[in-house]
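Derivation of every value follows stated rules applied to the coordinates shown; laboratory data play no part. Quantities reported herein were computed from a predicted structural model and do not represent experimental measurements. Quick reminder, even Gly has a Cβ in these numbers, built from the backbone with ideal geometry, and neighbours come from all protein chains shown.
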């Protein structure tokens with residue numbers, strides 16, 4: 001599409017050059033053939049090129065009239081060419097934008113088990129960066145048309161519209177999505193979006209932002225699986241840096257997403273069973289095989305156990321949380337062919 005745009009720009013530059021050239025020829029011709037002043041020659045050239053039909057500044061001699069005939073013919077061709085190029089460029093630009101939207105929509109339609117981010121403010125953009133680092137497909141829903149340019153610069157798939165409308169959610173693939181992040185600045189908007197999303201997809205995992213304490217229970221009641229309060233988290237983190245600075249520095253240095261510096265990972269038991277039947281955490285023997293340590297276990301009901309015993313039996317649809325250095329996590333992923 002870029003070469004097409006450049007082609008149209010070349011045509012426009014050519015048309016402008018021809019217009020300036022014919023204007024220059026007309027001015028010089030009238031000044032030389034009819035002894036017009038610069039202003040009179042410019043005036044005669046413009047009314048001749050535009051064929052508006054005003055009278056001559058002074059009567060033209062025979063040579064000047066012949067010159068005018070050729071100037072009119074050349075002007076009709078050049079002006080017509082310029083108008084056609086400009087019109088074609090405007091229409092083609094609209095078509096190119098339409099093709100870009102269609103291509104992006106086809107990309108969104110191909111997504112399955114993706115994440116939908118509602119709102120591309122500070123929290124939404126940060127969520128997008130984390131998902132991008134973890135190579136998790138996502139779609140952004142943004143109501144403000146002014147933010148579209150930022151979305152294009154960040155090269156993320158998006159839908160412009162109000163997430164309160166079912167059509168916009170369906171366009172973003174809410175039926176096929178695994179998670180939904182509502183990061184709107186207004187709690188009332190988040191509440192309505194969560195409610196609408198839950199009505200369309202009963203199984204989707206919904207995470208919502210909240211600003212007020214009173215909104216927490218309302219969002220949970222509306223269908224949010226998790227409610228995050230950025231202000232509270234920020235305040236707790238700053239206080240923790242005073243109370244237990246060493247511990248918080250250690251936690252801050254842990255990375256849960258990224259390409260080469262990941263330290264913590266959550267793995268489904270089904271992926272670990274690819275090497276054979278798995279009975280307990282001890283049977284995995286991850287410490288010897290990869291160097292990683294199991295620091296958490298999540299059962300099929302979603303209940304977490306921190307620092308689980310080695311004898312805990314691994315159930316279907318459960319997960320383990322492992323801790324290790326980046327190279328150990330990489331060895332774990334390689335051992336069990338985890339993407």
Worksheet item: So in the chain, what percent of DSSP beta bridges are antiparallel if you round to the nearest 5?
Response: 45 percent
Worksheet entry | At R0 = 35 Å, FRET efficiency that the Cβ-Cβ distance of residue 282 and residue 236 yields, to 0.05 | 0.50
Worksheet item: What distance in nm separates the simple spin-label points at residue 76 and residue 225, each placed 7 Å from Cα in the Cβ direction?
Response: 7.2 nm
Discussion item. Need one number: convex hull volume per residue for segment 274-339, Cα atoms only, in Å³.
Written reply: 89 Å³
Response to the item:
The distance between the Cα centres of segment 60-91 and segment 281-326, in whole Å, is 80 Å
Worksheet item: When the convex hull of the C-alpha atoms of the chain is computed, what volume per residue in Å³ does it have?
Response: 226 Å³
Discussion item. Using 0.36 nm times the number of residues separating residue 28 and residue 327, minus their current alpha carbon distance, what extension gain do you get?
Written reply: 100.0 nm
Fill in: FRET E, pair residue 305, residue 217, Förster distance 22 Å, beta-carbon r, rounded to 0.05
0.25
